[in-house]
Amino acid sequence: MLEARALRKAFGRTTALDGVSAEIGEGEIIAITGPSGSGKSTLLHCLAGIIRPEAGEVRLDGRRVDTLDEDDRTRLRRENFGIVFQFGQLVPELSAVENVALPLLFNRHGRRESLRTARSWLERLDTADCADHLPGELSGGQLQRVAVARALAVGPRVVFADEPTGALDSLAGEQVMDTLVGTARESRTTLVIVTHDNRVAAYADREIVLRDGTVAGASTVGTSTAGAPAAGAPAAGGEATT
Amino acid sequence: MITVIRMPVRGRSAPERARARLMSVGAALATFLLCAAVTLVSFRIDTPDDRLWMFTEREPRLVVALTLALLVVPAAVFTYQASRLATATRERRLAALRLAGATPYETRLIGAYEAGRQALLGGSLGGVAHLAVNVVLWWSLDGVVPLLSPVWTLAALAAVVLAEVWSGLAAGRHVVASPLGLVRRARLRGPRAVDLLLVALGVALLAAGLIGKGRFPVLGKYGAALSMTAGMVLLLFGLVLAATWLIRAVARRAGRVTAAPETLLAARIVQADPRAWARALTVVGLTVFFGSGIGAQQGNVLLRTGLQPPYLTAYLLIDLALLLALVTSAAALVVHQAEELLDHRRSFAALAASGVPATALGRVLTRQALIAASPVCVVAAVAGAGLVILTGADAPGWSPGAFAFTAVRAAVMAGIGVLAAVLVARASRRILREALRPEELRTG
Amino acid sequence: MYSLGEYIECIVAIMSTRHVLLGLLAERPKHGYELKKEHDHHLPGARPLAYGQVYATLQRLERDGFAEVAETAQGGGPERTVYAITDRGGAELARWLEEVEESAPYVVSPLFSRVVVAAVTGGAADGYLLRQRAAHLARMRELTAERRSGSPARALAADYALQHLDADLRWIETAMERLADLRGEIDA
Ligand SMILES: Nc1ncnc2c1ncn2[C@@H]1O[C@H](COP(=O)(O)OP(=O)(O)OP(=O)(O)O)[C@@H](O)[C@H]1O
Ligand SMILES: [Mg+2]
């Protein structure tokens, strides 16, 4: 469904992505991991059509994404994608429920309907009592759950999350991941999570390991037979799927 | 200690240096305008001169007074605005310093040092520029324009630097209160009762000047004019600041009913910090106030005496001065919107990433301007026209036509004020594009 | 490879059945069968306690004065004997709970040896580490799923295993980077 082939992206003299390929199926939950600076965020931004790679292609349902102009990519993102970042994505002046309603309003649902939908999402993510608070009055875990609600409220086909638990402790992170993954599975939403936390990566069906801008390896469900070599291609730059 | 104070000045980024330069420009303009105002005051009144009849003849006395005020007030406002230019970034930097262990006293000194330094640099330039212009005018107009003593220039410079140092000290106040408060700022300052006190004081001074007219206790009729001018300035400041209440009410109402996300965002952002908008709109309000006041005066005079060329020239000149003030106010607004975008760059970049078009976010800027500027401009226009009608009520010849002219002119001035704010907001979309770059999303 | 059961065995070994049973008795007097059931419930995934082991332990507790027979139901076998904790037993339990576990230097695992040997012999280490990572992560996925569906006790056990696997994984990652650095130095 979402497919990247031989992506290259450089910032000045640093090559952030150097021939990365990946294929993501409908309803799949994918973790992109790797050491700091390995190009995880850059890959996510390319997949989500936020930035354009210099070479290679990104396809959604077989349709090229990277060749679209800014307006078309913006529309594509609005109609298909939801995004969660590590922090700071909520508008500080809007209450939690208004923040969640915002993308719905931008999609021209009515005010009352948007706010109602937003509230029900907050309830679903166990943050109903935060609804009328400003982001500055919420804890990190509550903020992230509100952000997850905002990403999911528009019913996206793919949710991208860049270090969604990066600013949280274990338990708060677990709650956020539980709700994110749980709702994604229920609604068969594809989920792409960038993380360097293995316990977050363990929520995914499959992992893409980046190192120095190339795919270093991958792993899938059911490869853990003790002692036996697991699937995954150690060869640098190769596409590794199992 | 000195090193600690100077360190943050050296460690500035390119945009911060640009803002510092803007501060210097503000100080330069303020000094220049202050010197010009002093020069104007030292014109010998009642000395007949063809070319400068406006400043010396008895008839357009009120107009002269207004022009004087018009020159002094933007200078003062600009000084204040200029010192607030870098507040957003500076506060953030100072907060970081506080967390790094600087004492509250030290951080306040740092703010004052930065502001004072920039003021001294720019102010000196402004003073020199004024001296140059002054010498040229004095020489070319055979001494009708008096040569201002450099002592006055130094005094003006000192005033500007002191004002900037003071506002530099004041700007560090939040930081001093709570180094962490900036990171999680949930509560912002709303309207204050002091604003209404300003209004009362202004009305009192104005009334004193009016009632006193020719027989004012101090300085005779000049004293009365001075009292009226000061009263007007205070009244205006008070009104614009009191407009904070109105801005917030309008924003709250807009935010409560709208189905447009742009309006919702704009209304809530304005509602969260109406004071900042009121402050940024001071000069716009001022321009509308004078424009509408002068309009009332024009309506009265023109309909009474017909179109006489000397009046027309005078009015044209004054409208030009108003235009100048409007441009100044535009600068203040641009700065305000830039600061605000700085605060919102992460959340806006996240919205853009999730598919909100940049044009929609641009509309947020223009709607903010609309929500905030409308009440201020309406209040200023009504106040300006009302003041002239009230003070001139005893004068003969207020025909219905004059009233109609006044009303139309006031409406036009309010419209121009709002339009200026909206145009500035549209111009800020360039800064918005900068704020929406994907780099803002990187978590590293 | 570690299974959840193996991890629990480690925990149980550390905790010692004696003290677990004392802890369960602290709630109220119980008979042997009840104790066995509660033990298995609170420590899911651990090897179920054999009746024989329960009675042997209870008798040892009685001998040491930590527990006593509270009542014997008529006509019942040894299963119907109800045991209660004594004051000494309570004190012993408190002492044990106060005790700080020795921080073991977990360097004896085969994982560690294998990585070190692979690194020393060079070459294959990287590929091996990646495969080991994949295996660990797969196990972590199972544990994560288990934690989401299981009881609180099961979640605790899964957490314990997850965090240890995570520690291993992080060490593997550091090892991979260190090896890359080392190789860079040798090549240079
Ligand atoms: N806008 C940019 N300008 C310059 N260099 C950039 C930019 N964006 C990314 N890079 C560089 O590209 C490389 C990959 O960056 P990226 O943010 O994708 O890494 P990452 O894997 O997400 O790291 P982290 O885990 O620290 O977030 C880094 O070396 C980074 O310095
Ligand atoms: Mg990143």
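A short reminder: the numbers here are calculations on the coordinates, not readings from a lab. This is a predicted model, so every value here is computed, not measured. Every residue, glycine as well, gets a Cβ built from its backbone with ideal geometry; the counts of neighbours run over all protein chains shown.
Residues whose amide H falls under 5 Å from that of A:VAL154, counting only those 5 or more places apart or on a different chain, are absent, with hydrogens built in the peptide plane. Looking at chain A alone, DSSP beta bridges between its own residues are antiparallel in about 55 percent of cases. A protection proxy built from the mean count of other Cβ atoms within 10 Å ranks the segments B:312-324, B:106-118, most packed first, as B:106-118, B:312-324. The stretch between C:TYR51 and C:GLU98 holds 14.0 nm of extra length on full extension. This uses 0.36 nm per residue minus the Cα-Cα distance.
As a rough footprinting exposure proxy, the listed residues B:ARG367, B:ARG279 were ranked by other beta carbons within 10 Å of their own, and the order from fewest upward is B:ARG279, B:ARG367.
Note: the stretch B:193-444, Cα convex hull, 148 Å³ per residue. Count the net charge of all other residues whose Cβ sits under 12 Å from the Cβ of B:ILE431, scoring Lys and Arg as +1 and Asp and Glu as -1. After counting each charged neighbour, the total is +3. Taking label positions 7 Å along the Cα-Cβ direction at both A:ALA6 and A:ASP72, the computed distance is 2.2 nm, reported to one decimal.
Listed peptides B:430-442, B:379-391, B:337-349 appear in the order B:379-391, B:337-349, B:430-442 once ranked by packing, highest mean of other Cβ atoms within 10 Å at the front. Taking amide H as placed 1.01 Å from N in the peptide plane, A:GLU54 has its amide H under 5 Å from the amide H of A:ARG8, A:LYS9, A:ALA10, each at least 5 places away in sequence or on another chain.
Most fluctuating residue of A:GLY12, A:GLY56, A:GLY141 in a GNM of chain A with Cα springs under 10 Å: which is it? Residue with maximal mean-square fluctuation among A:GLY12, A:GLY56, A:GLY141: A:GLY12.
Please tell me the relative contact order of chain A in percent, rounded to the nearest whole number, where contacts are Cα pairs under 8 Å and at least six residues apart.
Relative contact order comes out at 27 percent.
For A:LEU210, the residues whose amide H sits under 5 Å from its own are A:THR33, A:GLY34, A:ALA216, ignoring neighbours fewer than 5 places away on the same chain, with H placed 1.01 Å from N.
If you wrap the stretch A:2-220 in the convex hull of its Cα atoms and look at it from every side, the mean projected area works out to 11.6 nm². Does a label point 7 Å from the Cα of B:SER399, set along Cα-to-beta-carbon, have any residues of the stretch B:278-306 with amide nitrogen under 17 Å, and which are they? Under 17 Å, as judged by backbone N against the label point of B:SER399, lie B:296-306 of the stretch B:278-306. Applied to the stretch B:368-377, the Karplus parametrisation 6.51 cos²θ - 1.76 cosθ + 1.60 on θ = phi - 60° returns per-residue 3J(HN,Hα) values of 4, 4, 5, 5, 7, 6, 4, x, 4, 5 Hz, with x for Gly and Pro.
The charge dipole of the stretch A:2-220, taken about its Cα centre with unit charges on the Cβ atoms of Lys, Arg (+1), Asp and Glu (-1) only, comes to about 500 debye.
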